[in-house]
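Notes to accompany the following structure.
The values are calculated or read from the model by the stated rules, or taken from the named source; none is laboratory data. Please read all numbers here as calculations on a predicted model, not as lab measurements. Cβ sites come from the backbone with ideal geometry, for glycine too, and all protein chains shown count toward neighbours.
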Amino acid sequence: MANHPLVALTTFMIMVVFVAAVCFTGATARTYNVKSLGARADGKTDSTKAFMAAWNSACGSVNAATVYVPQGRYIVGGLMFNGPCKNGAIMVRIDGTLVAPSNYFVLGNSQFWLRFYGVQGVTILGGTLDAQGSGLWACKASKSKNCPAGATSLGIYNSNNVLVYGVTSLNSQLFHMVVAGCRNVRVVGANVVAPWNSPNTDGIHVQQSTGVTILNSKFSTGDDCVSIGSGSNNLWIEGVSCGPGHGISIGSLGNRLIEQGVRNVTVKRTTFKGTDNGLRIKAWAKPSNGFVDNILFQDAIMTNVKNPILIDQNYCPSRTNCPRQGSGVKITNVRYQNVRGISATKVAVRFDCSKINPCRGITMQDVNLTFKNKRSSSAASAYCVNAAGRSSGVMKPTSCL
Ligand SMILES: *[C@@H]1O[C@H](CO)[C@@H](O)[C@H](O)[C@H]1NC(C)=O
Ligand SMILES: *[C@@H]1O[C@H](CO)[C@@H](O)[C@H](O)[C@H]1NC(C)=O
């Protein structure tokens, strides 16, 4: 991965931006080492205050600044990295591991473990975030009524020009990462790991954001590897592997009547292994003004994926509030190019679109999916309801458009 030209280019760009920022301000970046500020790398002592002190100094600095976390394990509670800052070039360089308190009531319902809010020009470089989610998952599995919702490990909110580079996220309580209300956020070389049965541990959830890029990253988790919510525009996902997990999902959309749409999403060079879904678009069977337009899924390899290609506009879990309603979400211009591999169920391609807003402009080019699981192996099939479009090139299963 490190040798990939895009990664090399990005690394180079970080350096250029950082050096440029330092040169413009005419000063060397100040470094705030959490250890010098009282953090203990012993995996036992709460170091929250030292981390906040380092951030507050870096954010308050008029020159470029670095928060530095040396090797070792640091217990930290909720860290709110709030802007605006006095400079636009902050580096958070992590050589160590941040560990969430094992008592999940400490973060409880606080929504976030680490959150960047209202910042501009921040790079988070390296490190491991270990949220120790297993206690909370067990609580939820026991159906106890006293389990808190839990916290997303890393939230980037209302921020611009943020780079998250080479970060490992382990066992989040809730989502691993959320990008919301942002412009120009790049996540490169992320490594997300949680068990296949851990609840709501989505890899990255994006919403209300423009110009988010997710590059060369690996997701093994218990929910969607990447989930794309309303108001996502100009999203680029490339070089992502997913599995275990629930795939890359646009949606769920259309749960609300008034909702921003999803436009211009590119998902290319992806691999899916043993996932519930591959490339999925999902909308509630309810009235909504939402939409999905201009989506490209290109070069995907499926290995034992239950639903490699799926549009489901009849999402209505527990069959309450929406039985027999049509989805208001308009799905147009979705392209699938060079999708191949093995489906773990017979229906490898399923377009189950809205009866009041049929899917329009679906194009498929060079799709080659075969059906194989432990019990049988035969030709895969495709299923279309209220879906229109065209296909060309290799088409296995035979197109139903
Ligand atoms: C679509 O998004 C990409 C980035 O993902 C951007 O480069 C391109 O300009 C966008 N296209 C339009 C028409 O906005
Ligand atoms: C489709 O995939 C199968 C199995 O991977 C392969 O044997 C076959 O040659 C492919 N067909 C085409 C037309 O590419």
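For region 311-329, the set of residues classified as of a type in the set (Gly, Ala, Ser) and modelled with pLDDT under 90 consists of Ser318 only. All conditions in (1) crowded, with 21+ Cβ neighbours inside 10 Å; (2) out of contact with any Pro (no Cβ under 7 Å at 6 or more places or on another chain) hold for Trp137, with the sole exception of (2).
When you scan region 265-286, do you find a residue that is more than 16 Å from ligand 2 (Cβ to nearest atom), of a type in the set (Phe, Trp, Tyr), at pLDDT 95 or above and under 26 Å from the mean Cα position of the chain (by Cα), even just one? Before you say what the answer is, go through the steps one by one.
Initial filter on region 265-286 (more than 16 Å from ligand 2 (Cβ to nearest atom)): 265-270, 274-277, 279-286.
If we keep only those that are of a type in the set (Phe, Trp, Tyr) as well, we get 284.
If we keep only those that are at pLDDT 95 or above as well, we get 284.
Within this subset, residues satisfying the condition of being under 26 Å from the mean Cα position of the chain (by Cα) are 284.
Yes; the residues of region 265-286 include at least one that is more than 16 Å from ligand 2 (Cβ to nearest atom), of a type in the set (Phe, Trp, Tyr), at pLDDT 95 or above and under 26 Å from the mean Cα position of the chain (by Cα).
Check whether at least one residue in region 329-349 is more than 21 Å from Ile248 (Cβ to Cβ) and either in contact (Cβ under 8 Å) with a residue 60 or more places away in the chain or within 16 Å of ligand 1 (Cβ to nearest atom) (or both), and report yes or no. Lay out the reasoning, then the answer.
Just the residues of region 329-349 that are more than 21 Å from Ile248 (Cβ to Cβ), to begin with: 346.
Remaining after also requiring either in contact (Cβ under 8 Å) with a residue 60 or more places away in the chain or within 16 Å of ligand 1 (Cβ to nearest atom) (or both): none.
No, the conditions are met nowhere in region 329-349.
Kindly indicate whether any position in region 191-212 is more than 15 Å from ligand 1 (Cβ to nearest atom) and either of a type in the set (Asp, Glu) or at pLDDT below 95 (or both). Scanning region 191-212 turns up at least one residue that is more than 15 Å from ligand 1 (Cβ to nearest atom) and either of a type in the set (Asp, Glu) or at pLDDT below 95 (or both). Of the residues making up region 215-270, those that are among the charged types (D, E, K, R), more than 18 Å from Ala283 (Cβ to Cβ) and out of contact with any Asp or Glu (no Cβ under 7 Å at 6 or more places or on another chain) are Lys218, Glu238.
Table: residues versus (1) over 26 Å from the mean Cα position of the chain (by Cα); (2) within 20 Å of Asn160 (Cβ to Cβ); (3) buried (at least 17 other Cβ atoms within 10 Å of the Cβ); (4) of a type in the set (Lys, Arg).
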residue: Ser36; (1), (2), (3), (4): yes, no, no, no
residue: Arg40; (1), (2), (3), (4): yes, no, no, yes
residue: Gly43; (1), (2), (3), (4): yes, no, no, no
residue: Ser61; (1), (2), (3), (4): yes, yes, yes, no
residue: Val76; (1), (2), (3), (4): no, no, yes, no
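Any residue in region 138-145 that is polar (S, T, N, Q) and under 23 Å from Val67 (Cα atoms)? Steps first, answer last, please.
Applying the first criterion (polar (S, T, N, Q)) to region 138-145 yields 142, 144.
Checking the rest, the ones that are also under 23 Å from Val67 (Cα atoms) come to none.
No, because not a single residue in region 138-145 is polar (S, T, N, Q) and under 23 Å from Val67 (Cα atoms).
If a residue must be free of Cβ contacts under 8 Å to residues at least 60 places away in the same chain and under 22 Å from the mean Cα position of the chain (by Cα), how many such residues does region 136-154 contain?
From region 136-154, those free of Cβ contacts under 8 Å to residues at least 60 places away in the same chain are 136, 138-150, 152-154; that's our starting set.
Of the ones still in play, those that are also under 22 Å from the mean Cα position of the chain (by Cα) are 136, 149-150, 152-154.
Result for region 136-154: 6.
Please go through region 65-92 and pick out each residue that is closer than 20 Å to Tyr117 by Cβ and of a type in the set (A, V, I, L, M, F, W, C). Residues satisfying the conditions are Ala65, Val67, Val69, Val76, Leu79, Met80, Phe81, Cys85, Ala89, Ile90, Met91, Val92. Would you mind telling me which numbered condition in (1) within 16 Å of ligand 1 (Cβ to nearest atom); (2) over 22 Å from the mean Cα position of the chain (by Cα); (3) farther than 22 Å from Ala388 by Cβ Ser318 fails? So the condition that Ser318 fails would be (1). Being surrounded by fewer than 16 Cβ atoms within 10 Å (Cβ to Cβ) and within 16 Å of ligand 2 (Cβ to nearest atom): is that true of Ser343 here? No. In summary, Thr332 fulfils each of the numbered conditions (1) at pLDDT below 95; (2) touching a Gly at 6+ places or on another chain (Cβ under 7 Å) with the single exception of condition (1). If we scan region 348-362, do we find a residue that is of a type in the set (Gly, Ala, Ser), more than 16 Å from ligand 2 (Cβ to nearest atom) and either within 18 Å of Phe297 (Cα to Cα) or not assigned by TED's automatic domain parsing to the domain that holds Ser392 (or both)? Yes, region 348-362 contains a residue that is of a type in the set (Gly, Ala, Ser), more than 16 Å from ligand 2 (Cβ to nearest atom) and either within 18 Å of Phe297 (Cα to Cα) or not assigned by TED's automatic domain parsing to the domain that holds Ser392 (or both).
Within region 352-401, being part of a loop (DSSP other than H, G, I, E, B) and among the acidic types (Asp, Glu) holds for no residue.
Restricting region 247-268 to residues that are surrounded by fewer than 24 Cβ atoms within 10 Å (Cβ to Cβ) and more than 14 Å from ligand 1 (Cβ to nearest atom) leaves a set whose member that is nearest to Gly166 (Cα to Cα) is Ser252.
Restricting to region 213-223, count the residues that are assigned to a loop (DSSP other than H, G, I, E, B) and either buried (at least 24 other Cβ atoms within 10 Å of the Cβ) or modelled with pLDDT under 95 (or both). Before the answer, list the steps.
Kept after step one, since they are assigned to a loop (DSSP other than H, G, I, E, B), are these residues of region 213-223: 221-223.
Next, only the ones that are either buried (at least 24 other Cβ atoms within 10 Å of the Cβ) or modelled with pLDDT under 95 (or both) stay: 221, 223.
Summing the residues that are assigned to a loop (DSSP other than H, G, I, E, B) and either buried (at least 24 other Cβ atoms within 10 Å of the Cβ) or modelled with pLDDT under 95 (or both) in region 213-223 gives 2.
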